[in-house]
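Here's the structure we're looking at; comments come further down.
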Amino acid sequence: MSTTAVLVIDMQNGFLHPEGSLARAGMGLSDTEPVVRAAENLVAASRAASVPVLYTRQVISEGGPEMSAAWREAAAPILAIEPRMLSHGSWDAEILDRLAPVAGEKVVDKDRYDAFLHTDLEETLRGLGVERLVVAGVLTNVCVESTVRSGLERHFDVAVASDATAAYDGFLAPSLAAMRALFATVAPWAEILSRGGGERIVTATR
């Protein structure tokens, strides 16, 4: 049984589709096609190797936990155009069709940047016997980095697929550099999978 799992973070219509909330608000990420294609390849290769694939969705639920003032301020231009941005059950919150989970693949709905917070992600990974987590998705410096740091604190060996993650201009490289320095292996997805867990830049103290 594989002790590695792949976690695809927030690759949702709202963030990446040309008709999603960010694009409609004029805040769409630029040049994401190579990133989505790399994520597709990562998922396909993982499935072929019987490596578990899990997904997260950032979901805003009515009556759910209140988002921070900083988040509300940042999201205000988007919410003015798309009040149901990432709302539970909406098309905006769904994962891109190209990356849609198949039967049996876990989807974790989250209400914070850190995918471990307020979710059963850690319990699910422990149940699968996962020791090493390969992370892809968006945004690199927000939910990806928050989850990577949290994963390391929970004693997972973490790797970030550098070609399968995206952020706004000016944020990608610094975030990858910060994670590479102390928190994770950072490399293209194919290189990470080919290592098979043998090479780790960071190993959590148990």
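The values are calculated or read from the model by the stated rules, or taken from the named source; none is laboratory data. As the structure is a computational prediction, the values presented were derived from the model and not from experiment. Here the Cβ positions follow ideal geometry from the backbone for every residue, glycine too, while neighbour counts run over all protein chains shown.
Surrounded by fewer than 16 Cβ atoms within 10 Å (Cβ to Cβ) and touching a residue at least 40 places away in the same chain (Cβ under 8 Å) - does that describe any residue in the stretch 169-182? Yes, the stretch 169-182 has at least one match.
When the test is whether a residue is of a type in the set (A, V, I, L, M) and either assigned to a loop (DSSP other than H, G, I, E, B) or touching a strand residue (DSSP E or B) at 6+ places or on another chain (Cβ under 8 Å) (or both), Ala178 does not pass it. Scanning the stretch 112-136 for residues that are of a type in the set (A, V, I, L, M), closer than 14 Å to Thr56 by Cβ and part of a helix (DSSP H, G or I) returns Leu121, Leu125. Working only within the stretch 139-154, note down all residues that are of a type in the set (S, T, N, Q) and more than 18 Å from Asp169 (Cβ to Cβ). Scanning the stretch 139-154 gives Ser146, Thr147, Ser150.
Conditions tested, residue by residue: (1) among the charged types (D, E, K, R); (2) more than 21 Å from Thr147 (Cβ to Cβ); (3) surrounded by 18 or more Cβ atoms within 10 Å (Cβ to Cβ); (4) touching a Ser or Thr at 6+ places or on another chain (Cβ under 9 Å).
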| residue | (1), (2), (3), (4) |
| --- | --- |
| Thr4 | no, no, yes, yes |
| Leu7 | no, no, yes, yes |
| Asn13 | no, no, yes, yes |
| Ser30 | no, yes, no, no |
| Glu33 | yes, yes, no, no |
| Ala39 | no, no, yes, yes |
| Ala48 | no, yes, no, no |
| Pro52 | no, no, yes, yes |
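For Thr147, the conditions (1) of a type outside the set (A, V, I, L, M, F, W, C); (2) buried (at least 16 other Cβ atoms within 10 Å of the Cβ); (3) in contact with a helix residue (DSSP H, G or I) (Cβ under 8 Å, 6 or more places away or on another chain); (4) at pLDDT 95 or above all hold with the exception of (3).
The residue pairs whose first member lies in the stretch 67-90 and is at negative phi and in contact (Cβ under 8 Å) with a residue 24 or more places away in the chain, whose second member is in a helix (DSSP H, G or I) and not small (Gly, Ala, Ser), and whose beta carbons are closer than 6 Å, counting only pairs six or more residues apart or on different chains, are Ile81/Arg24; Glu82/Arg24; Met85/Ile78; Met85/Leu79. The condition of being under 16 Å from the mean Cα position of the chain (by Cα) and free of Cβ contacts under 8 Å to residues at least 12 places away in the same chain holds for only one of Arg37, Arg57, that being Arg37.
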